[in-house]
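Comments concern the structure below.
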Amino acid sequence: NCSYFKHFTPGQSSEIFEVTTQKEYSISAAAIAIFSVGFAIIGTICVLFSFQKKRDYLLKPASMFYTFAG
């Protein structure tokens, strides 16, 4: 069982540390990662559309989406 670790110090009583995962942080990190991937995909779509008919005005939104993904 990895949820409890005992810390022994010589001449003193033992202390028990409980290790728990914080689900709020992992869920928010997953949400940020999903948004980051989405922004990168939208930026790639803008870059690909800008190459089709020389639509250079799509490169500024693409750079903004890549910045948001970072």
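Leaving out ligands, DNA and RNA, and with a 1.4 Å probe, what % of the accessible surface on region 29-69 is carbon or sulfur?
For region 29-69, the apolar C and S fraction of the accessible surface comes to 77 percent.
Take TYR66 and ILE32, extend 7 Å from each Cα along the Cα→Cβ direction, and tell me the distance between the two endpoints in nm.
Modelled inter-label distance: 2.2 nm.
What number comes out for accessible area per residue over region 29-69 if the probe is 1.4 Å? Units Å², please.
Accessible area per residue, region 29-69: 77 Å².
Taking every pair of alpha-carbon atoms in region 29-69, give the share separated by more than 17 Å as a whole percent.
So the pairs more than 17 Å apart make up 30 percent of the total in region 29-69.
The values are calculated or read from the model by the stated rules, or taken from the named source; none is laboratory data. Everything quoted here is computed from the prediction, not taken from an experiment. In this analysis, Cβ positions are derived from the backbone assuming ideal geometry, glycine residues included, and neighbour counts consider all displayed protein chains. For the accessible areas, the whole protein counts, side chains as well, though only heavy atoms, and no ligand, DNA or RNA atoms are used. Shrake-Rupley method; radii C 1.70, N 1.55, O 1.52, S 1.80 Å.
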